[in-house]
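The values are calculated or read from the model by the stated rules, or taken from the named source; none is laboratory data. Everything numeric in this text was worked out from a predicted model, so none of it was measured. Here Cβ is always computed from backbone atoms with ideal geometry, including for glycine, and neighbour counts include all displayed protein chains. Quick note on the areas: whole protein, heavy atoms, side chains included, nothing else; ligands and nucleic acids left out. Shrake-Rupley method; radii C 1.70, N 1.55, O 1.52, S 1.80 Å.
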Amino acid sequence: MSQYDKLNTLYYLRLKVHRLKIPIYLDYNATTPVDPRVLEAMLPWFTQNFGNAASRAHLYGWEAEEAVTKARTQVAQLLSPQASPQEIVFTSGATEAINLALKGVFEKHSHRGRHIITLQTEHKATLDVCRHLEQIGAEVTYLKPQPDGLITPQQVAEAMRPDTILVAVMYANNEIGVVQPIQKIAEVVHQKGALFFTDATQAVGKVSLDVEKDGIDLLAFSAHKLYGPKGVGALYVRKGIELTAQMDGGGHERGRRSGTLNVPGIVGFGEACAIAQKEMLADAMRLSAFCQRLENGILENIPNTFINGDANTRLLHVTNICFDGFDGEDLLLKLKDIAVSTGSACTSASVEPSHVLKSLGLTDDQAYASIRFSLGRFTTAEEVNYAIEHLIAVTTRAKDSSRKSDPEGKQRPSSNNFPDTLAP
Ligand SMILES: *Cc1c(COP(=O)(O)O)cnc(C)c1O
């Protein structure tokens, strides 16, 4: 089956799905499907080539190790032409990579200081690790971003102390998509002699980042957010930076993370990175046009809607929109034909309003009434058009039944931050 046929099969599948009224997937920030090309690269490593990459005595081990080395190079290349494969530590995902970065650095460097700086709007994986570190003696400053979701390098500079050992600022926010000024923040952090970590799970393979140019010391990301398999991720650790392993036994990954390597997963992760490197720009251009169209379709046709977070400095395939005055739960129930998210998937088990939107200054009701749309490689123009029609139909119906009594009383940013250009 050719590459083209495979993508077509996927497309037909979706058409079928469409007719069967399975919702259109607009939740690529939660997870992405495995690209058929990635799956193809993975398959032999489950069966014929099943060796343990740590087996040094025979062909089975050697070929597995070679495959892991190739993947390690593909992953490093996507992070920077200057990044070396030895700087990549494979993990079970971004959550584990974040745990290794923060706990590993704290444990190794706490004799120099115990202060850590992060953001209120980080992913729970970072926030929960920080809470854990507070239990064992760390002092953590949680910076509050501006109402647009962005943090300024000055805010970081002002929070820095002589005992600050680590600053953790996510590259792109998973809920609202804003992209932080990473390079400038890293500069400030290095001037004060601390290490800089970024959770770049939503940014790698979507925007052109470079750990070398950006001055990143440690970076976490995950395969399943860029069309690779679930259960595999990586931590980039700049050469020379020491951290304490959080998983002991066997000394895999140069003693930084023990455990038999997930060879098929790692091969898939590598392939996903190689594809992203080649297709990132084309994907971004197509998806930004789709996303603009979706956004304009909503903002122009549905009253009291506004974008959460800065409208310009963000991932171009993500938009988080507040349907002010609507009952969030009611809205989500009625939007049966599209799969979207309110808040991040990782917090959807709890019914709390999104901590990110709350930090931006939204009321509880506004946070509940906000929807994240995230587009991806397999999103089509038809799907976007259908989603707009569906949203208009549902909100028109929902308006009378669930509008709150006092929509005017609620804060609402001015509308001049909405781009007007309607993509074709
Ligand atoms: C998805 C996500 C994570 C968690 O990644 P896993 O690989 O699922 O553990 C962490 N941070 C951000 C920003 C994410 O979007």
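Of everything in segment 248-263 that is open to solvent by 30 Å² or more (accessible area, probe 1.4 Å) and without any contact (Cβ under 8 Å) to a residue 40 or more places away in the chain, the residue that is nearest to Leu133 (Cα to Cα) is Asp248.
Residues are listed down the side, and each one gets a yes or a no for (1) more than 15 Å from the ligand (Cβ to nearest atom); (2) in contact (Cβ under 8 Å) with a residue 60 or more places away in the chain; (3) in contact with a Lys or Arg (Cβ under 8 Å, 6 or more places away or on another chain):
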{"residue": "Arg114", "(1), (2), (3)": "yes, no, no"}
{"residue": "Thr121", "(1), (2), (3)": "no, yes, no"}
{"residue": "Ile136", "(1), (2), (3)": "yes, no, no"}
{"residue": "Glu139", "(1), (2), (3)": "yes, no, yes"}
{"residue": "Leu150", "(1), (2), (3)": "yes, yes, no"}
{"residue": "Glu158", "(1), (2), (3)": "yes, no, no"}
{"residue": "Ile165", "(1), (2), (3)": "yes, yes, yes"}
{"residue": "Tyr171", "(1), (2), (3)": "no, no, no"}
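In segment 49-62 there is at least one residue that is in a helix (DSSP H, G or I) and aliphatic (A, V, I, L, M). Condition (residue is in contact (Cβ under 8 Å) with a residue 60 or more places away in the chain, over 21 Å from Gln82 (Cβ atoms), within 16 Å of the ligand (Cβ to nearest atom) and not in a helix (DSSP H, G or I)) applied to segment 268-289: is it met by at least one residue? Taking every residue of segment 268-289 in turn, none turns out to be in contact (Cβ under 8 Å) with a residue 60 or more places away in the chain, over 21 Å from Gln82 (Cβ atoms), within 16 Å of the ligand (Cβ to nearest atom) and not in a helix (DSSP H, G or I). Residues of segment 123-137 that are open to solvent by less than 80 Å² (accessible area, probe 1.4 Å) and not β-branched (Val, Ile, Thr): His123, Lys124, Ala125, Leu127, Cys130, Leu133, Glu134, Gly137.
The numbered conditions (1) without any contact (Cβ under 8 Å) to a residue 60 or more places away in the chain; (2) of a type outside the set (Gly, Ala, Ser); (3) away from the ligand (no atom under 13 Å from the Cβ) are all true for Thr244 except (1). For segment 186-201, the tally of residues that are within 16 Å of the ligand (Cβ to nearest atom) and free of Cβ contacts under 8 Å to residues at least 60 places away in the same chain stands at 2. Selection of segment 171-201 for residues being surrounded by 24 or more Cβ atoms within 10 Å (Cβ to Cβ) and of a type in the set (D, E, K, R) yields Glu175, Asp199. Scanning segment 339-363 for residues that are within 19 Å of the chain's Cα centre (by Cα) and modelled with pLDDT under 90 returns Thr342, Gly343, Ser344, Ala345, Cys346, Thr347, Ser348, Ala349. If the condition is being buried (at least 18 other Cβ atoms within 10 Å of the Cβ) and hydroxyl-bearing (Ser, Thr, Tyr), then segment 142-170 contributes only Thr164. For segment 27-59, filtered to residues that are among the aromatic types (Phe, Trp, Tyr) and surrounded by fewer than 17 Cβ atoms within 10 Å (Cβ to Cβ), the residue that is farthest from the ligand (Cβ to nearest atom) is Phe50. When residues in segment 202-240 are screened for being open to solvent by 10 Å² or more (accessible area, probe 1.4 Å), near the ligand (Cβ under 10 Å from one of its atoms) and under 17 Å from Arg314 (Cβ atoms), 1 of them pass.
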